Amino acid sequence: DYRRMWVIAIGTDHYPEAGGRLPTLSNAKRDAVAFEQLLCQEFGFQRPEFGVLGKARKEVVAALEQLAAHEPRGIEIRPDDLVVVFIAGHGIARNGRFFLPCSDSRIGDGDDLAATCIAGETLIEAVMKAPAKHKLLIVDACHSGMLLGQEPDATQPTPLAPAAAAALHRWREGQAAF
């Protein structure tokens, strides 16, 4: 049993600053809203006041920082809580890394994706730092498998990325992730 169950949903359909490199999606935001509503209405989850549906990078980073804070604003996460983070939208693979673009991300060849998008390791780190003992990160985006390692090759096993391997190690020690 959990003291409280929290859901944080991010869904981005429109990327106006991407220079036409990311087509508009029709269901990412709708999926995030539906997922959040299902957990809240059917299972008693709570939604923090810093909701992040389809927001700019600055707002998503602020929400992730709030999640990772031990005394976040608008949400009181404790070790006996459950936190579920659901993300839907485009995903980008570049130089062996996963990036989650936000509504204001620039995606040109020369753009520094770490400065305009959310890096995969930042997502994992924020979820892992949340004070709750049990956490679940769901990413519905192209290339999201890179959060666990390199781009999958159907003929070879996929090695775990260092951040994912460390998260699994902590899970064995009672600090659940994924």
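Hey, with R₀ at 22 Å, roughly what FRET efficiency would E65 and K133 work out to, going by the Cβ-Cβ distance, to 0.05?
0.65
Give the carbon-plus-sulfur fraction of the accessible surface of the range 1-125 in %, rounded to a whole number; probe 1.4 Å, heavy atoms of protein chains only.
Using a 1.4 Å probe with all protein chains present, the range 1-125 comes out at 46 percent carbon and sulfur.
Using a/c under 1.5 as the rounded threshold, could you call the range 1-114 rounded, prolate or oblate? The axes a ≥ b ≥ c are square roots of the C-alpha gyration tensor eigenvalues, and prolate needs a/b larger than b/c, oblate otherwise.
Taking the square roots of the gyration eigenvalues as a ≥ b ≥ c, the range 1-114 is prolate.
Which order do peptides 108-115, 140-147 fall in by mean Cβ count within 10 Å, highest first?
140-147, 108-115
Would you kindly state how much longer the chain becomes between Q37 and A115 on full extension, computed as 0.36 nm times their sequence separation minus their alpha carbon distance, in nm to one decimal?
Details: separation 78, 0.36 × 78 = 28.08 nm, distance 3.13 nm.
Contour length minus Cα-Cα distance gives 24.9 nm.
Among the lysines, which fall within straight-line cross-link reach of K55, defined as a Cα-Cα distance under 26 Å, with same-chain neighbours fewer than 8 residues apart omitted?
K29, K129, K135
How large is the convex hull of the Cα atoms of the range 1-48 per residue, expressed in Å³ as a whole number?
76 Å³
When the solvent-accessible surface of protein heavy atoms is calculated with a 1.4 angstrom probe, in what order do I87, I138 fall, highest first?
Ranked list, largest accessible area first: I138, I87.
The values are calculated or read from the model by the stated rules, or taken from the named source; none is laboratory data. Fair warning: this is a prediction, and the values are worked out from it, not measured in the lab. Cβ atoms come from the backbone with ideal geometry, glycine included; neighbour counts cover every protein chain shown. Each accessible area value is taken on the protein alone, full model and side chains, heavy atoms only, with ligands, DNA and RNA left out. Shrake-Rupley method; radii C 1.70, N 1.55, O 1.52, S 1.80 Å.
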